[in-house]
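For reference, the structure is listed below as structure tokens.
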2 protein chains.
Amino acid sequence: MADYEIFELGDVVLQSGQTIRGAQMAYKTYGKLNEAKDNVIVYPCWYSGTHLENEWLISESMALDPRKYFIIVPNMFGNGLSSSPSNTPAPYNASRFPKVTAYDNVVQQHRLVTEKFGISKIKLVTGWSMGALQTFHWGAIFPDMVERILPFQGSAKCSRHNFVFLEGVKAALQADAAFADGFYKEQPAKGLRAASRVYAGWGFSQTFYRVEADLKKMGYASLEDFLVGFWEGWLLSKDANNLLTMLSTWQNGDISNNPLYGGDYKKALSSIKAKAIVMPASTDLYFPPEDSAFEVENMPNAELRVVKTYWGHFAGGPGTSPDDIKTIDAALKELLAS
Amino acid sequence: MADYEIFELGDVVLQSGQTIRGAQMAYKTYGKLNEAKDNVIVYPCWYSGTHLENEWLISESMALDPRKYFIIVPNMFGNGLSSSPSNTPAPYNASRFPKVTAYDNVVQQHRLVTEKFGISKIKLVTGWSMGALQTFHWGAIFPDMVERILPFQGSAKCSRHNFVFLEGVKAALQADAAFADGFYKEQPAKGLRAASRVYAGWGFSQTFYRVEADLKKMGYASLEDFLVGFWEGWLLSKDANNLLTMLSTWQNGDISNNPLYGGDYKKALSSIKAKAIVMPASTDLYFPPEDSAFEVENMPNAELRVVKTYWGHFAGGPGTSPDDIKTIDAALKELLAS
């Protein structure tokens, strides 16, 4: 029994010119929409995650309190619940699934929010990593609708270095002959394992590994145990084509690559009216604070607040670093109260 | 016609308990050994490189001046010129080539220096990256022989994070079915290309990519052009088993993992009598300055001198960053004159 709802989008023409026919958006809501419809939080998903992997930040003891707020978690295209390579019939299945951008995702999420729920103001959009990418998109594409944003450990545009890191992940996955150009009968396990090992060096910082937080904080028995248990366990639970669809969405993420801004990145950033706290992690290897600083410098109503941590990108990961989560949650409370 | 010499080592028993039978060390010398035999510089190779890829730092206008010094460049086991998977007959060929450590390399290099040339004092050992790893080994294993060391962008022990980065490179290469457990008929090109893309994110810093130094400084036409031309071009010119042998040497590098120090890393560092300038690069993603700082704190006669640069690990690469090379060359001159 699914614990989520489906919003039928019909045929969705994407930025690529391709179409998702009979497109579906899976979503879950937490809490109740009040009569004024002014208690709305949109909380997009991160790379590979579903609404389930977002739930750790939703709690009565935290900022995202379902007693107060109506929290909508839309699933990204390609994550296996919304339309994805793994659940779309031929001929658009597998590696023939259309190329989707973060813009495409957010435009359809906007339809969910407005057409399904009749919402016209959003109190907050927040998200981690690719969820932050979508958060920036919400702010830039719907500046009059979004009152606050708190993107953490993510960017408004995929940097060239971030693009290269993802090239490594993709190439490792696709090096496995079992991938078969996407038309595999079984998941390409060797490629997924290789992609996991590539990812492992990026997800946490040098200091994380130096202080052995994988052993001392996360309880793994050895480095190899961590690489298999945490990293290979993660990607082996996913579909390879789905991962590649989301990876493409990530690599092509850019709030200015749309008709509103025509590639003018500074203009797109400066158009974000929302009050913003942008929270990179000091040791994030693919979303370094320097990129966030550039974003904030060009946003009219934003504050840069660096999370000082050795947890790298996973500072705001699902339950990995309790101290950093407190920092992020406190900022969410502060922003919501402002 | 080979431009290098071969030193016959006989049967070499390694730390692993395996033996390289009829082992050979390829080497090249530059300049002349003086009568006092006190003008000796040893300059080990970096990952995948041969003596040819070290020559950019040897010049009459630079510190490593062959008019003044007798410079010995020993080739690492596994680099294709010294005994390697690619040039060793069955049954020890390909992936059956013995596991070699940096300790094994340096102990045999010491035989070259003493048995072949009758040298008892070394004025300087220096090297980049894995060359720095061997430099630290020289200082720790032969503390009474080595007067000065200048390891740049390398470490005395492979860090856990560095180990993980290399796991990603290795897994990407081996994900290619054409690798065939090392018994390939042709080089596993898909795996080598994947490994190149993994490496590309690590070799240069986030800032390097942000400022587009690949285009503006190195002259590539696009990011993809850089990934293919620089990175894939590099690894496609190598033998996969050779790369994996050297990768294992790197991953297992540790100046204390030998009978002299029995795993006591601080003791090994504190035993290095050589006057040392340790030069990490400020933005090196796999040899971060923090690791070098720990080394220097535990060495009795060492100075930490961080190269401030956005070139990341390639600050001291073969001719890539002219400004950083000037900085390193100046430090070499200073150390040699002291």
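The values are calculated or read from the model by the stated rules, or taken from the named source; none is laboratory data. As the structure is a prediction and not an experimental result, all values here were calculated from the model. Backbone-built Cβ (ideal geometry, glycine too); neighbour counts: all protein chains shown.
Below, the figures for the structure above:
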{"quantity": "Any hit, the stretch B:262-274, residues being modelled with pLDDT of 95 or more, crowded, with 20+ Cβ neighbours inside 10 Å and under 18 Å from the mean Cα position of the chain (by Cα)", "calculated": "no"}
{"quantity": "The stretch B:295-320, residues that are at pLDDT below 95 and small (Gly, Ala, Ser)", "calculated": "B:Gly316, B:Gly317, B:Gly319"}
{"quantity": "Residue in the stretch B:144-158 that is more than 8 Å from chain A (Cβ to nearest Cβ), out of contact with any helix residue (DSSP H, G or I) (no Cβ under 9 Å at 6 or more places or on another chain) and not hydroxyl-bearing (Ser, Thr, Tyr) present", "calculated": "yes"}
{"quantity": "Conditions (1) surrounded by fewer than 24 Cβ atoms within 10 Å (Cβ to Cβ); (2) within 7 Å of chain B (Cβ to nearest Cβ); number of the one not met by A:His161", "calculated": "(1)"}
{"quantity": "Among the residues listed as A:Gly80, A:Gly22, A:Gly31, the single one being touching an Asp or Glu at 6+ places or on another chain (Cβ under 8 Å), among the small types (Gly, Ala, Ser) and surrounded by fewer than 17 Cβ atoms within 10 Å (Cβ to Cβ)", "calculated": "A:Gly22"}
{"quantity": "Condition check for A:Phe208: outside the structural domain of A:Asp324 (by TED's automatic domain parsing) and either crowded, with 20+ Cβ neighbours inside 10 Å or in contact with a Phe, Trp or Tyr (Cβ under 9 Å, 6 or more places away or on another chain) (or both)", "calculated": "yes"}
{"quantity": "Yes/no for B:Glu303 being assigned to a strand (DSSP E or B), surrounded by fewer than 20 Cβ atoms within 10 Å (Cβ to Cβ) and in the same structural domain as B:Leu57 (by TED's automatic domain parsing)", "calculated": "yes"}
{"quantity": "Filtered residues of the stretch A:188-203 (kept if within 21 Å of the chain's Cα centre (by Cα) and either in contact (Cβ under 8 Å) with a residue 60 or more places away in the chain or facing another protein chain (nearest Cβ under 7 Å) (or both))", "calculated": "A:Arg197, A:Val198, A:Ala200, A:Gly201, A:Trp202, A:Gly203"}
{"quantity": "Residue that is under 16 Å from B:Val106 (Cα atoms), touching a strand residue (DSSP E or B) at 6+ places or on another chain (Cβ under 6 Å), hydrophobic (A, V, I, L, M, F, W, C) and surrounded by fewer than 17 Cβ atoms within 10 Å (Cβ to Cβ), where the choices are B:Val13, B:Val42, B:Val73", "calculated": "B:Val13"}
{"quantity": "Test for B:Ala178: is it without any contact (Cβ under 8 Å) to a residue 24 or more places away in the chain, over 19 Å from A:Tyr199 (Cα atoms), part of a helix (DSSP H, G or I) and at the interface with chain A (Cβ under 10 Å from one of its Cβ atoms)", "calculated": "yes"}
{"quantity": "Unique match (being touching a residue at least 60 places away in the same chain (Cβ under 8 Å), in contact with a strand residue (DSSP E or B) (Cβ under 8 Å, 6 or more places away or on another chain) and surrounded by fewer than 23 Cβ atoms within 10 Å (Cβ to Cβ)) among A:Ile328, A:Ile277", "calculated": "A:Ile277"}
{"quantity": "Subset of the stretch B:9-58 that is at negative phi and of a type in the set (Gly, Ala, Ser) - its residue that is nearest to the chain's Cα centre (by Cα)", "calculated": "B:Gly49"}
{"quantity": "Residue within the stretch B:279-287 that is in contact with a Ser or Thr (Cβ under 7 Å, 6 or more places away or on another chain), modelled with pLDDT of 95 or more, closer than 23 Å to B:Asn105 by Cα and not assigned by TED's automatic domain parsing to the domain that holds B:Ser205 present", "calculated": "yes"}
{"quantity": "Candidate set from the stretch B:208-246 (those that are among the aromatic types (Phe, Trp, Tyr) and either touching a Gly at 6+ places or on another chain (Cβ under 6 Å) or not in a helix (DSSP H, G or I) (or both)); member that is nearest to the other protein chains (Cβ to nearest Cβ)", "calculated": "B:Phe208"}
{"quantity": "Scope the stretch B:109-125; condition assigned to a helix (DSSP H, G or I) and closer than 20 Å to B:Ala274 by Cα; matching residues", "calculated": "B:Gln109, B:His110, B:Arg111, B:Val113, B:Thr114"}
{"quantity": "Candidate set: the stretch A:53-68, residues that are in contact (Cβ under 8 Å) with a residue 40 or more places away in the chain and assigned to a helix (DSSP H, G or I); chosen: the one surrounded by the fewest Cβ atoms within 10 Å (Cβ to Cβ)", "calculated": "A:Trp56"}
{"quantity": "Qualifying position, being crowded, with 23+ Cβ neighbours inside 10 Å, outside any strand (DSSP E or B), away from chain B (no Cβ under 14 Å) and of a type in the set (Gly, Ala, Ser), among A:Ala132, A:Ala171", "calculated": "A:Ala132"}
{"quantity": "Residue within the stretch A:22-37 that is free of Cβ contacts under 8 Å to residues at least 12 places away in the same chain and not charged (D, E, K, R) present", "calculated": "yes"}
{"quantity": "Evaluation of B:Gly139 against (1) outside the structural domain of B:Phe70 (by TED's automatic domain parsing); (2) touching a residue at least 60 places away in the same chain (Cβ under 8 Å) (one fails), failing number", "calculated": "(1)"}
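Let's see how each residue does on (1) under 28 Å from A:Gln153 (Cβ atoms); (2) of a type outside the set (A, V, I, L, M, F, W, C):
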site	(1), (2)
A:Asp3	yes, yes
A:Val12	no, no
A:Thr29	yes, yes
A:Asn34	no, yes
A:Ile41	yes, no
A:Glu60	yes, yes
A:Met76	yes, no
A:Asn79	yes, yes
